[in-house]
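To start, the structure under review is shown below, and the notes come after it.
Read-outs: derived from the displayed coordinates by stated rules, not from any lab. Predicted, not measured: the structure shown is a model, and the values here were computed from it. Note that each Cβ is placed from the backbone with ideal geometry, even for glycine, and that neighbours are counted across all protein chains shown.
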Amino acid sequence: MADISPPAALIWCPFENAQDARQAARILLSEGLVACANIMPDMQSLYIWEGEQGEAQECGALFKTAPASLITAIARLEEIHPYDTPAIIGWNADETTPATRSWLANPLGSSAG
């Protein structure tokens, strides 16, 4: 029977600064919940919060994980995030390479190449 599960999952989350993003990434990596974190500093965010329009300099983080770890990684990220109500969005990716799929399924076992 063919594996029909999604090959990868992604989590997007903004942070106040790169230090907070790195700290969260290190925790998720050390706990085996994600295989990689890409941190993008100096992101401009425009938003509506509690009925008011706002703007802020933030830092974005994109986490790569296996679909089986997605829900647990999101829950853990919510626990460790310094914001009271962090915007955490996770989704399954429809396509990836076989090497990436293998790496995400077992990030501590080997590299993607």
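Report the extension gain between E79 and A56 in nm, rounded to one decimal, defined as 0.36 nm multiplied by the number of residues separating them, less their alpha carbon distance.
Length difference between fully extended and current span is 6.0 nm.
Give me the Kirkwood hydrodynamic radius of region 1-62, using the inverse of the mean 1/r over all pairs of distinct Cα atoms, in Å to one decimal.
Across region 1-62, the inverse of the average 1/r is 13.5 Å.
What fraction of the Cα pairs in region 14-105, stated in percent, has a spacing above 15 angstrom?
So the pairs more than 15 Å apart make up 62 percent of the total in region 14-105.
Expressed as a rounded percentage, what relative contact order does the chain have, with Cα pairs under 8 Å and six or more residues apart?
39
Exposure proxy check: T96, T65, T85 ranked by fewest other beta carbons within 10 Å?
T85, T96, T65
Between region 80-97 and region 42-74, what is the separation of their alpha carbon centroids in Å?
If we compute the Cα centre of each part, the gap is 7 Å.
Please arrange C59, C36, C13 by counting, for each residue, the other beta carbons lying within 10 Å of its beta carbon, fewest first.
Fewest to most other Cβ atoms nearby, the residues stand as C36, C59, C13.
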